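Nothing in this text is a laboratory measurement; each read-out follows from the coordinates by a stated rule. Keep in mind the model is a prediction, meaning the values are calculated, not measured. All Cβ positions, even for glycine, are placed from backbone atoms using ideal geometry, and neighbour counts span all protein chains on display.
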Amino acid sequence: MLAKRAGEPDLTRLSALAVGAIPPETPPMFTPKWKKEAQHLVKGARKFVNYKRDLLKPERVAEIESRRTDLLSAISSKDRAKVDEASKQIRLVCENALPKEPPLGWFEENVEVMFVAIVIALGLRAYYLQPFRIPTGSMQPTLNGIIGKPLKRDQWPNFAQRLVEQVLRGRSYVYVENDRDRHIAITQAGGLDIKDIQYWHFFSRAEIRFSDAEPIRLPAPTNPCSEIGLGAATNYAVRNGALIPKGMVLCEGTIDSGDLVLVDKFSYNFRKPKRGEVFVFNTIDIEGIQKRSGEQGAGSHYIKRLCGVPGDTLSIQSPNLLVDGKIAQEFGIQRVIHGEGVYSINPNGYGLASTAEPLHKGKRLPQYLAKEGATLALAATARPGMREYAALGDNTGNSLDSRYWGPVKEFNLVGPALFSLWPITTGHWGFIH
């Protein structure tokens, strides 16, 4: 073994110090700050090489290792001036080891921030919380759908008040006037071609299709628009050969936005759905909805109260909803049964479905709870995803629900409605019960 010359650093010891095999001679609590910083720099340079080795050229790796050795030698000599110089050199080598990228401009930085925010929002929406706008009044008074009220233009408040109402309660003031004579197109079934469509995949709008002009898209779905002028216009068209004359008002009044709720998409992965809670489900493969609602019902989402779970047998003895022959006792269901206060919107509680069975392509559609003694049995034993649930609206007199089109399959469930987020002045803001 060759003897170490006087004044030369002990490289074996230095290497051992670098990997932590030999503890420093001075206890850490008494080690000077400059020495601690130099030792951290040695370790940092080693990590830099390990992390970036696939990007570093061989000569750069060799240079960094050489500078590390110099710094270890300076630390061993306890010469602070040498340590400072060696630290400076190893920093320069590491900083210039990789090609420098030009700094991002303001536009690139903002795009990057927006992209990250969008990714986070999409992740939350996909796995945890999804916003859902209620389009119809089937859950009133628990939750509001889109509501139309007639109001003449000369009775509208000033612009400032309308702006405040838009922010606080989602109220829009709308006026749509037909600009020339038009004839509404006639469907194959012989009715006027007016239907709800999905607009930008988020908004539901009524669209009037004409035989002699481009369609007119109204600012809300058909039902609320019918309350503020569309109903009168269609009645006139029925009496006058589908004509909508120039100057006829199609909509005039207010449109209150439906409640914006957050749906918990996470809980059903860890617990079973509970009878009595408000929940959201998609309508995929629910034929009764699609045949009754057409394009609007296919692949959309509904919000109802979960009134039956797998194994239940439901029946109705107005005003009561019976589960296995006994009156359901859940809080949300009981409010509808008693019909008190704001729930007097349905003074008879739960009622049977209309006995008028609608037609689809000449065939009558089945209904499930339309007659006294009718029952709806929900499958409890089925292959994964096929167990059955029942969905009923709190506004039972104006709700297309399981009484008409039957059970909801397990694979359709999205999650419980968690929180009513907006508008904030309707009395619904907060957790949903």
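Neighbours of Glu330, meaning other residues whose beta-carbon lies under 15 angstrom from its beta-carbon, give a summed charge of +3 when Lys and Arg score +1 and Asp and Glu score -1.
Once a ≥ b ≥ c are taken as the square roots of the eigenvalues of the Cα gyration tensor of the stretch 37-79, is the result rounded (a/c under 1.5), prolate (a/b larger than b/c) or oblate (a/b not larger than b/c)? Oblate, because a/c is 1.5 or more while a/b does not exceed b/c. With a simple spin-label model that places each label point 7 Å from the Cα along the Cα-to-Cβ direction, the separation between Glu59 and Lys371 comes to 9.4 nm.
Just to verify a number: FRET efficiency for Phe210 and Tyr175, C-beta to C-beta distance, R0 = 22 Å, to 0.05?
Numbers: r = 20 Å, r/R0 = 0.90.
Result of the calculation: an efficiency of 0.65.
Among residues other than Leu306 with Cβ under 15 Å from its Cβ, the summed charge is +2 (Lys and Arg +1, Asp and Glu -1).
Stretched out straight at 0.36 nm per residue, the stretch from Arg46 to Glu340 would grow longer than its current Cα-Cα span by 98.4 nm.
Are there any chymotrypsin sites (Phe, Trp or Tyr not before Pro) in the stretch 102-133 that are in a DSSP loop and have at most 16 other Cβ atoms within 10 Å? List them by number. All intermediate terms of the calculation are to be shown ahead of the outcome.
Values: sites: Trp106, Phe107, Phe115, Tyr127, Tyr128, Phe132; in loops: Tyr128.
Of the chymotrypsin sites (Phe, Trp or Tyr not before Pro), the ones in loops of the stretch 102-133 whose Cβ has at most 16 other Cβ atoms within 10 Å are Tyr128.
A simple spin-label model places the labels of Leu124 and Phe431 1.9 nm from each other, with each point 7 Å out along Cα-to-Cβ.
Shown is the FRET efficiency for Glu85 and Val167, computed with R0 = 41 Å from the Cβ-Cβ distance and rounded to the nearest 0.05: 0.05.
Amide H to amide H distances under 5 Å link Ile284 with Gly299, where only residues 5 or more positions off or on other chains count and H is placed in the peptide plane.
Computed from the Kirkwood radius of its Cα pairs, the Stokes-Einstein diffusion coefficient for the stretch 297-412 at 10 °C and 1.306 mPa s stands at 108 µm²/s.
Once you have the alpha carbon radius of gyration of the stretch 147-256, what is it after dividing by 2.2 N^0.38 Å, with N set to its residue count?
Details: Rg = 14.6 Å, N = 110, 2.2 N^0.38 = 13.1 Å.
Working it through for the stretch 147-256, the quotient is 1.11.
Taking amide H atoms as placed 1.01 Å from N in the peptide plane, the amide H of Leu129 lies under 5 Å from those of Lys265, each 5 or more residues away in sequence or on another chain.
Net charge near Pro221: determine it from the other residues with C-beta under 12 Å of the C-beta of Pro221, scoring Lys and Arg +1 and Asp and Glu -1.
Details: positive: Arg133, Lys195, Arg205, Arg217; negative: Asp196, Glu207, Glu227.
Surrounding charge for Pro221 is +1.
Remark: Glu37, Glu388, Glu410 ranked as Glu37, Glu410, Glu388, counting other beta-carbon atoms within 10 Å and listing the fewest first. Remark on Phe419: its backbone amide H falls under 5 Å from those of Leu262, Ile432, a criterion applied only to residues 5 or more positions apart or on other chains, H modelled at 1.01 Å from N. For Phe159 and Phe411, a Förster radius of 56 Å and the Cβ-Cβ distance give a FRET efficiency of 0.70, rounded to the nearest 0.05.
Could you work out the per residue convex hull volume over the alpha carbons of the stretch 162-217, in cubic angstrom?
On the way: hull volume 6.5 nm³, N = 56.
Spelled out: Cα convex hull of the stretch 162-217, divided by residues, is 116 Å³.
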